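Notes for the one structure printed next.
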Amino acid sequence: MADKTQTNSTAPGDGLVRAGGVVFIIGAVATLVTVAPLFFGMEPFPTYMFVLSMLMGVGFLMAGAGVLRSAAAGRRQARAGQ
């Protein structure tokens, strides 16, 4: 039986994975910027930079939720196909 999934189709959860990746990257950059003053002997950044660093974890959780949502949709589709 041929696979009926289109190469350009989006599954449920794909948007969450992409958004999670973007949020993770923003958090990773904020983490690097926040840690940089420790190495260069500069004045530490304000508290909001540490809060932005936590976006790394938020992005990871968003991407994980997208993967779980996609897996659940695939399971539902497999059950419906039986």
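Assorted remarks:
- When you restrict to C-alpha pairs under 8 Å that are six or more residues apart and normalise by the size of the chain, the relative contact order lands at 44 percent.
- The chain: angle of helix 55-80 to the longest principal axis, Cα-based, in degrees nearest 10: 0
- Taking the inverse of the mean reciprocal distance over all distinct Cα pairs, the Kirkwood hydrodynamic radius of the chain comes to 15.0 Å.
- On Cα atoms only, tilt of 14-40 relative to the major axis of the chain in degrees: 20
- Accessible area in the full protein assembly, largest first, 1.4 Å probe, for 49, 42, 56: 42, 56, 49
- Largest first, the residues 40, 50 sort by 1.4 Å accessible area into 40, 50.
- What the Cβ-Cβ distance of residue 22 and residue 47 gives, at R0 = 22 Å and to the nearest 0.05, is a FRET efficiency of 0.40.
The values are calculated or read from the model by the stated rules, or taken from the named source; none is laboratory data. Model, not experiment: these values are computed from the prediction. Glycine also receives a Cβ, built like all others from the backbone with ideal geometry; neighbour counts cover every protein chain displayed. What goes into the accessible areas is simple: the full protein's heavy atoms, side chains included, and nothing from ligands, DNA or RNA. Shrake-Rupley method; radii C 1.70, N 1.55, O 1.52, S 1.80 Å.
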